[in-house]
1. Any residue in the stretch B:38-67 that's open to solvent by less than 70 Å² (accessible area, probe 1.4 Å): show its pairings with residues that are near DNA strand C (Cβ under 8 Å from one of its atoms) and modelled with pLDDT of 95 or more at Cβ separation under 6 Å, as long as the two are six or more apart or on different chains.
2. Report, by residue number, each residue of the stretch A:59-86 that is within 16 Å of DNA strand C (Cβ to nearest atom) and within 13 Å of chain B (Cβ to nearest Cβ).
3. Look through A:R23, A:R47 and report the one residue that is of a type in the set (K, R) and either within 12 Å of DNA strand D (Cβ to nearest atom) or at pLDDT 95 or above (or both).
4. Just wondering, is there one or more residues in the stretch A:120-130 that are open to solvent by less than 70 Å² (accessible area, probe 1.4 Å), touching an Asp or Glu at 6+ places or on another chain (Cβ under 9 Å) and either within 12 Å of DNA strand C (Cβ to nearest atom) or at the interface with chain B (Cβ under 10 Å from one of its Cβ atoms) (or both)?
5. Being in contact with a Gly (Cβ under 8 Å, 6 or more places away or on another chain) and more than 11 Å from chain B (Cβ to nearest Cβ) is the filter here; which residues of the stretch A:87-108 pass it?
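The values are calculated or read from the model by the stated rules, or taken from the named source; none is laboratory data. Just so we're clear, the structure is a prediction, and the values are computed from it rather than from any experiment. Using ideal geometry, Cβ is built from the backbone for each residue, glycine included, and neighbour counts are taken over all protein chains shown. Side chains included, ligands, DNA and RNA excluded: accessible areas come from the protein's heavy atoms. Shrake-Rupley method; radii C 1.70, N 1.55, O 1.52, S 1.80 Å.
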Protein chains: 2
Amino acid sequence: MTVMDTTGTHVDSCAGPPHADRRPDGQDRYTISEVAALTGLTAHTLRWYERIGLMPHIDRSHTGQRRYSNRDLDWLGLVGKLRLTGMPVADMVRYAELVREGDHTYGARFELLKATREGVRARIAELQDTLAVLDRKIDFYGDAGRALASEGAVL
Amino acid sequence: MTVMDTTGTHVDSCAGPPHADRRPDGQDRYTISEVAALTGLTAHTLRWYERIGLMPHIDRSHTGQRRYSNRDLDWLGLVGKLRLTGMPVADMVRYAELVREGDHTYGARFELLKATREGVRARIAELQDTLAVLDRKIDFYGDAGRALASEGAVL
DNA sequence: TAGAACCTTCGAGTGCGCTCCAGGCAAGCG
DNA sequence: CGCTTGCCTGGAGCGCACTCGAAGGTTCTA
């Protein structure tokens with residue numbers, strides 16, 4: 001249960017390419033504005049994520065300021081990806097809760113990830129379908145659109 | 001300029017598979033609730049689409065009720081597809097305006113469709129990227145997740 | 001030691017895409 | 001004739017995901 005190992009690289013293995021201007025583990029104490037610059041989120045949004053329970057506990061300096069770790073950046077990377085899929089923030093909060101609750105939620109998290117993956121796959125299929133519609137429409141315009149348009153077709 | 005031909009099937013050729021329970025052209029005067037059932041949108045939403053300029057002019061019965069045509073359904077089919085891509089309603093309104101403005105907007109519409117297509121392609125790429133992240137995470141869980149989770153990795 | 005630049009919290013505001021309500025009209029039916 | 005059903009309009013309200021402002025404390029640079 002205790003977290004002894006903070007040097008392993010496996011922590012990073014799940015959040016895409018690690019950001020270039022990251023500090024090595026051990027000196028990874030970023031201010032909120034540094035994290036904002038790194039992630040593209042605003043400081044406001046980062047604090048809001050914390051308020052709604054989307055972040056793990058963020059370390060604080062002796063004066064109470066947030067100090068983000070590399071692991072926090074990894075988490076934000078994952079959140080960013082999930083956000084791109086259109087996953088509602090509430091669902092991500094649910095996942096964050098499972099992580100906080102510890103090992104016994106392992107199965108639930110696994111299932112949630114798999115369900116999310118299926119959702120993303122379905123979304124991709126949907127978009128490819130839409131792409132086909134657009135392709136047909138664009139061909140239509142390219143080939144004979146001008147003539148057909150004047151006949152009243154809804155282009 | 002005059003719209004003589006309403007019997008051609010080419011009108012339909014751009015909006016995916018035609019809905020099964022459609023009436024043949026000529027008897028295509030659907031009430032708002034029929035269209036709601038056919039499209040999955042609510043009557044409220046259909047009226048709202050009209051208010052914001054997303055629909056062409058919808059025909060009315062002698063008592064002022066809306067009567068949608070097959071062409072209107074085609075248009076709603078396209079709108080539905082574009083909505084799936086995440087295109088903002090405002091952009092779709094812009095496209096609708098171009099259609100209303102007539103043939104001379106042909107080029108603009110063509111460009112807009114091509115830009116939209118590129119947007120969809122980019123979105124698909126993004127999702128595939130996310131899918132890869134999820135796949136890695138899921139493998140991780142499946143292979144050694146339980147052990148690593150107890151070491152403190154952010155899964 | 002001044003001032004800028006950063007941080008904190010709380011709470012209100014914004015933009016989008018609906019979603020719903022109130023109040024009223026018109027048609028069909030027993 | 002009254003009742004129900006379906007439709008009309010204009011406008012208010014809602015949920016989401018931020019986004020920003022106010023008021024005040026702290027830390028860095030000259």
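1. Once the first residue is open to solvent by less than 70 Å² (accessible area, probe 1.4 Å) and sits in the stretch B:38-67, its partners that are near DNA strand C (Cβ under 8 Å from one of its atoms) and modelled with pLDDT of 95 or more give B:M55/B:Y49.
2. A:Y68, A:S69, A:D72, A:L73, A:L76, A:R83, A:G86
3. A:R47
4. Within the stretch A:120-130, not a single residue is open to solvent by less than 70 Å² (accessible area, probe 1.4 Å), touching an Asp or Glu at 6+ places or on another chain (Cβ under 9 Å) and either within 12 Å of DNA strand C (Cβ to nearest atom) or at the interface with chain B (Cβ under 10 Å from one of its Cβ atoms) (or both).
5. Selection gives A:V93, A:E97.
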